[in-house]
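The values are calculated or read from the model by the stated rules, or taken from the named source; none is laboratory data. A quick note: this is a predicted structure, and the numbers were derived from the prediction, not measured. Note that we place each Cβ from the backbone using ideal geometry, even for glycine, and neighbour counts take in every protein chain shown. The accessibility values were calculated without ligands, DNA or RNA, using every heavy atom of the protein model including side chains. Shrake-Rupley method; radii C 1.70, N 1.55, O 1.52, S 1.80 Å.
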Amino acid sequence: KNEVEQSPQNLTAQEGEFITINCSYSVGISALHWLQQHPGGGIVSLFMLSSGKKKHGRLIATINIQEKHSSLHITASHPRDSAVYICAVQSNTGNQFYFGTGTSLTVIP
Amino acid sequence: NAGVTQTPKFRILKIGQSMTLQCAQDMNHNYMYWYRQDPGMGLKLIYYSVGAGITDKGEVPNGYNVSRSTTEDFPLRLELAAPSQTSVYFCACREGGVLTFGAGSRLTVL
(Lines give C-alpha, C1' and ligand atoms only; values in the text may rest on other atoms or scores of the structure.)
Protein backbone atom coordinates (compact mmCIF):
# COMPACT_ATOMS: atom_id res chain seq x y z
CA LYS A 1 0.00 0.00 0.00
CA ASN A 2 1.31 3.43 -0.91
CA GLU A 3 1.79 5.94 1.86
CA VAL A 4 0.39 8.64 -0.44
CA GLU A 5 -2.63 8.26 -2.71
CA GLN A 6 -3.71 10.84 -5.28
CA SER A 7 -6.90 11.23 -7.27
CA PRO A 8 -7.73 11.48 -10.02
CA GLN A 9 -4.85 9.87 -11.95
CA ASN A 10 -5.77 11.78 -15.10
CA LEU A 11 -7.79 14.91 -15.57
CA THR A 12 -8.84 16.82 -18.68
CA ALA A 13 -10.41 20.25 -18.32
CA GLN A 14 -11.54 23.08 -20.54
CA GLU A 15 -9.68 26.34 -20.24
CA GLY A 16 -11.20 28.42 -17.45
CA GLU A 17 -12.49 25.53 -15.38
CA PHE A 18 -11.88 25.15 -11.66
CA ILE A 19 -9.74 22.10 -10.95
CA THR A 20 -9.28 20.05 -7.79
CA ILE A 21 -6.67 17.37 -7.19
CA ASN A 22 -6.83 15.31 -4.01
CA CYS A 23 -4.17 13.69 -1.86
CA SER A 24 -4.58 11.32 1.09
CA TYR A 25 -1.77 9.96 3.21
CA SER A 26 -1.44 7.29 5.84
CA VAL A 27 1.72 8.22 7.77
CA GLY A 28 2.62 10.85 10.32
CA ILE A 29 4.04 13.89 8.63
CA SER A 30 5.85 17.10 9.40
CA ALA A 31 4.74 18.74 6.14
CA LEU A 32 3.02 18.09 2.82
CA HIS A 33 4.33 19.28 -0.52
CA TRP A 34 2.75 19.87 -3.89
CA LEU A 35 5.08 19.58 -6.87
CA GLN A 36 4.64 20.23 -10.58
CA GLN A 37 6.33 18.19 -13.29
CA HIS A 38 6.19 19.57 -16.83
CA PRO A 39 6.38 17.43 -19.96
CA GLY A 40 10.09 18.23 -20.22
CA GLY A 41 10.49 16.32 -16.95
CA GLY A 42 11.67 19.01 -14.53
CA ILE A 43 10.08 19.05 -11.08
CA VAL A 44 9.38 22.25 -9.20
CA SER A 45 8.02 22.82 -5.74
CA LEU A 46 4.68 24.65 -5.61
CA PHE A 47 3.72 24.54 -1.94
CA MET A 48 4.82 23.28 1.43
CA LEU A 49 2.02 23.00 4.00
CA SER A 50 1.83 21.92 7.60
CA SER A 51 -1.62 23.35 8.33
CA GLY A 52 -4.43 25.40 6.85
CA LYS A 53 -4.24 26.92 3.41
CA LYS A 54 -1.77 28.63 1.07
CA LYS A 55 -2.35 30.60 -2.13
CA HIS A 56 0.01 31.50 -4.97
CA GLY A 57 -1.70 33.28 -7.83
CA ARG A 58 -4.36 30.92 -9.22
CA LEU A 59 -3.19 27.96 -7.14
CA ILE A 60 -4.58 27.16 -3.70
CA ALA A 61 -3.48 24.31 -1.46
CA THR A 62 -5.28 23.15 1.66
CA ILE A 63 -4.54 20.51 4.24
CA ASN A 64 -6.65 18.81 6.92
CA ILE A 65 -4.24 17.17 9.35
CA GLN A 66 -6.96 15.30 11.26
CA GLU A 67 -8.32 13.72 8.09
CA LYS A 68 -4.85 13.25 6.54
CA HIS A 69 -6.01 14.90 3.35
CA SER A 70 -4.88 17.73 1.13
CA SER A 71 -6.29 19.36 -1.99
CA LEU A 72 -4.71 21.43 -4.73
CA HIS A 73 -7.07 23.79 -6.53
CA ILE A 74 -6.43 25.67 -9.76
CA THR A 75 -8.79 28.53 -10.53
CA ALA A 76 -9.38 29.76 -14.10
CA SER A 77 -7.25 26.94 -15.54
CA HIS A 78 -5.05 27.63 -18.55
CA PRO A 79 -3.32 25.33 -21.07
CA ARG A 80 0.03 26.24 -19.51
CA ASP A 81 -1.18 24.53 -16.31
CA SER A 82 -0.98 21.20 -18.18
CA ALA A 83 1.50 19.12 -16.20
CA VAL A 84 1.73 16.29 -13.71
CA TYR A 85 0.98 17.38 -10.15
CA ILE A 86 2.63 15.34 -7.43
CA CYS A 87 1.75 15.21 -3.75
CA ALA A 88 4.58 14.36 -1.36
CA VAL A 89 4.66 14.04 2.40
CA GLN A 90 7.68 14.72 4.57
CA SER A 91 8.20 12.23 7.36
CA ASN A 92 8.03 13.14 11.04
CA THR A 93 11.82 13.00 11.21
CA GLY A 94 11.93 15.41 8.27
CA ASN A 95 14.57 13.38 6.45
CA GLN A 96 12.44 11.37 4.07
CA PHE A 97 9.68 12.05 1.59
CA TYR A 98 6.96 9.78 0.22
CA PHE A 99 5.48 10.61 -3.16
CA GLY A 100 2.13 10.02 -4.81
CA THR A 101 2.02 8.70 -8.37
CA GLY A 102 0.90 12.06 -9.70
CA THR A 103 -2.15 13.51 -11.42
CA SER A 104 -1.74 14.23 -15.10
CA LEU A 105 -3.66 17.39 -15.97
CA THR A 106 -4.45 18.49 -19.51
CA VAL A 107 -6.17 21.81 -20.02
CA ILE A 108 -7.73 22.21 -23.47
CA PRO A 109 -8.05 25.69 -25.01
CA ASN B 1 22.61 30.39 -9.71
CA ALA B 2 22.44 26.90 -11.24
CA GLY B 3 20.65 25.14 -8.36
CA VAL B 4 20.99 21.38 -8.87
CA THR B 5 22.89 20.14 -11.92
CA GLN B 6 22.64 16.55 -13.09
CA THR B 7 24.73 14.91 -15.76
CA PRO B 8 24.29 13.19 -18.11
CA LYS B 9 20.73 13.93 -19.24
CA PHE B 10 20.50 10.75 -21.26
CA ARG B 11 22.53 7.54 -21.29
CA ILE B 12 22.21 4.09 -22.78
CA LEU B 13 24.09 1.29 -21.05
CA LYS B 14 24.62 -2.33 -21.86
CA ILE B 15 23.83 -4.96 -19.23
CA GLY B 16 26.77 -5.32 -16.87
CA GLN B 17 28.31 -1.91 -17.57
CA SER B 18 28.89 0.60 -14.81
CA MET B 19 28.43 4.34 -14.70
CA THR B 20 28.12 7.31 -12.41
CA LEU B 21 25.34 9.87 -12.44
CA GLN B 22 26.68 13.18 -11.29
CA CYS B 23 24.79 15.64 -9.08
CA ALA B 24 26.10 19.00 -7.99
CA GLN B 25 24.37 21.79 -6.06
CA ASP B 26 25.52 25.33 -5.41
CA MET B 27 23.05 26.22 -2.66
CA ASN B 28 25.10 24.85 0.26
CA HIS B 29 22.23 22.58 1.31
CA ASN B 30 23.06 19.74 3.68
CA TYR B 31 20.35 17.31 2.63
CA MET B 32 20.65 15.60 -0.74
CA TYR B 33 18.61 12.79 -2.26
CA TRP B 34 18.60 10.42 -5.20
CA TYR B 35 15.23 9.23 -6.51
CA ARG B 36 14.15 7.08 -9.40
CA GLN B 37 10.89 7.61 -11.26
CA ASP B 38 9.27 4.71 -13.07
CA PRO B 39 6.11 4.96 -15.20
CA GLY B 40 2.96 4.94 -13.06
CA MET B 41 4.95 4.96 -9.84
CA GLY B 42 5.80 7.67 -7.35
CA LEU B 43 9.38 8.76 -6.90
CA LYS B 44 11.29 6.15 -4.93
CA LEU B 45 14.22 7.06 -2.68
CA ILE B 46 17.49 5.32 -3.53
CA TYR B 47 19.94 6.99 -1.16
CA TYR B 48 20.10 10.18 0.81
CA SER B 49 22.66 12.24 2.69
CA VAL B 50 22.26 14.61 5.61
CA GLY B 51 25.67 16.17 5.12
CA ALA B 52 29.18 15.64 3.83
CA GLY B 53 30.52 12.24 4.84
CA ILE B 54 27.10 10.85 5.80
CA THR B 55 24.93 8.70 3.56
CA ASP B 56 22.04 6.32 4.18
CA LYS B 57 19.95 3.87 2.21
CA GLY B 58 16.46 4.65 1.03
CA GLU B 59 13.69 2.32 -0.16
CA VAL B 60 15.44 0.89 -3.25
CA PRO B 61 19.24 0.97 -2.74
CA ASN B 62 20.16 -2.39 -4.28
CA GLY B 63 22.48 -2.06 -7.25
CA TYR B 64 23.51 1.49 -6.38
CA ASN B 65 26.15 3.24 -4.33
CA VAL B 66 26.71 6.85 -3.33
CA SER B 67 29.37 9.01 -1.76
CA ARG B 68 29.28 12.51 -0.29
CA SER B 69 32.81 13.81 0.07
CA THR B 70 31.73 17.45 -0.24
CA THR B 71 28.57 19.42 0.48
CA GLU B 72 28.21 20.19 -3.23
CA ASP B 73 28.50 16.76 -4.85
CA PHE B 74 26.44 13.59 -4.46
CA PRO B 75 27.26 11.10 -7.25
CA LEU B 76 25.22 7.92 -7.76
CA ARG B 77 27.13 4.87 -8.93
CA LEU B 78 25.51 2.00 -10.81
CA GLU B 79 27.55 -1.19 -10.76
CA LEU B 80 26.70 -4.03 -13.14
CA ALA B 81 23.73 -2.31 -14.78
CA ALA B 82 20.54 -4.36 -15.17
CA PRO B 83 17.42 -3.71 -17.28
CA SER B 84 15.49 -3.12 -14.01
CA GLN B 85 17.57 0.03 -13.56
CA THR B 86 16.07 1.60 -16.67
CA SER B 87 14.43 4.69 -15.20
CA VAL B 88 14.57 8.44 -14.85
CA TYR B 89 16.79 9.50 -11.98
CA PHE B 90 16.37 12.73 -10.05
CA CYS B 91 18.76 14.30 -7.63
CA ALA B 92 17.37 16.79 -5.12
CA CYS B 93 18.58 18.90 -2.26
CA ARG B 94 16.68 20.38 0.64
CA GLU B 95 16.91 23.37 2.92
CA GLY B 96 14.22 23.48 5.58
CA GLY B 97 11.19 22.05 3.83
CA VAL B 98 11.87 23.20 0.30
CA LEU B 99 13.02 20.53 -2.15
CA THR B 100 14.95 21.58 -5.25
CA PHE B 101 15.26 19.01 -8.02
CA GLY B 102 17.72 18.53 -10.82
CA ALA B 103 16.41 18.20 -14.39
CA GLY B 104 16.68 14.40 -14.33
CA SER B 105 18.80 11.77 -16.03
CA ARG B 106 17.13 9.22 -18.30
CA LEU B 107 18.96 5.91 -18.21
CA THR B 108 18.22 2.95 -20.45
CA VAL B 109 19.86 -0.43 -19.86
CA LEU B 110 19.74 -2.80 -22.85
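Evaluated against (1) more than 28 Å from A:Ser50 (Cα to Cα); (2) touching a helix residue (DSSP H, G or I) at 6+ places or on another chain (Cβ under 9 Å); (3) touching a residue at least 40 places away in the same chain (Cβ under 8 Å), B:Gln17 falls short on exactly one condition, (2). Among residues of segment A:77-96 being within 12 Å of chain B (Cβ to nearest Cβ) and at pLDDT below 90, the one that is most open to solvent (accessible area, probe 1.4 Å) is A:Thr93.
Looking at B:Ser49, B:Ser69, just one residue is within 11 Å of another protein chain (Cβ to nearest Cβ) and either at pLDDT 95 or above or crowded, with 19+ Cβ neighbours inside 10 Å (or both), and that residue is B:Ser49.
Looking only at segment B:56-66, decide whether some residue is among the small types (Gly, Ala, Ser) and surrounded by 16 or more Cβ atoms within 10 Å (Cβ to Cβ). Within segment B:56-66, one or more residues are among the small types (Gly, Ala, Ser) and surrounded by 16 or more Cβ atoms within 10 Å (Cβ to Cβ).
Residues in segment A:33-45 that are at pLDDT 95 or above and farther than 17 Å from B:Asp38 by Cα: A:His33, A:Trp34. None of A:His73, A:His38, A:His69 is within 27 Å of B:Asn30 (Cα to Cα), under 14 Å from the mean Cα position of the chain (by Cα) and not β-branched (Val, Ile, Thr) except A:His38. Which of the residues spanning segment B:22-46 are facing another protein chain (nearest Cβ under 9 Å) and free of Cβ contacts under 8 Å to residues at least 12 places away in the same chain? Answer for segment B:22-46, where residues must be facing another protein chain (nearest Cβ under 9 Å) and free of Cβ contacts under 8 Å to residues at least 12 places away in the same chain: B:Gly40, B:Met41, B:Gly42.
Only strands (runs of 3 or more DSSP E) whose full extent lies in segment B:1-81 are considered here, and the ones with at least 2 residues that are β-branched (Val, Ile, Thr) and under 18 Å from B:Leu99 (Cβ atoms) are B:4-7, B:44-51. Scanning segment A:40-70 for residues that are of a type in the set (Gly, Ala, Ser) and open to solvent by less than 10 Å² (accessible area, probe 1.4 Å) turns up A:Ala61, A:Ser70. Closer than 24 Å to B:Ser105 by Cβ, assigned to a strand (DSSP E or B) and open to solvent by less than 50 Å² (accessible area, probe 1.4 Å), is that true of A:Gln36? It is true that A:Gln36 is closer than 24 Å to B:Ser105 by Cβ, assigned to a strand (DSSP E or B) and open to solvent by less than 50 Å² (accessible area, probe 1.4 Å). Filtering B:Gly58, B:Gly3 for residues that are at pLDDT below 95 and within 19 Å of A:Ser45 (Cα to Cα) leaves a single hit, B:Gly3.
Among the residues making up segment B:72-104, those that are more than 9 Å from chain A (Cβ to nearest Cβ), more than 9 Å from the chain's Cα centre (by Cα) and open to solvent by less than 50 Å² (accessible area, probe 1.4 Å) are B:Leu78, B:Ala81, B:Ala82, B:Gln85, B:Ser87, B:Cys93.
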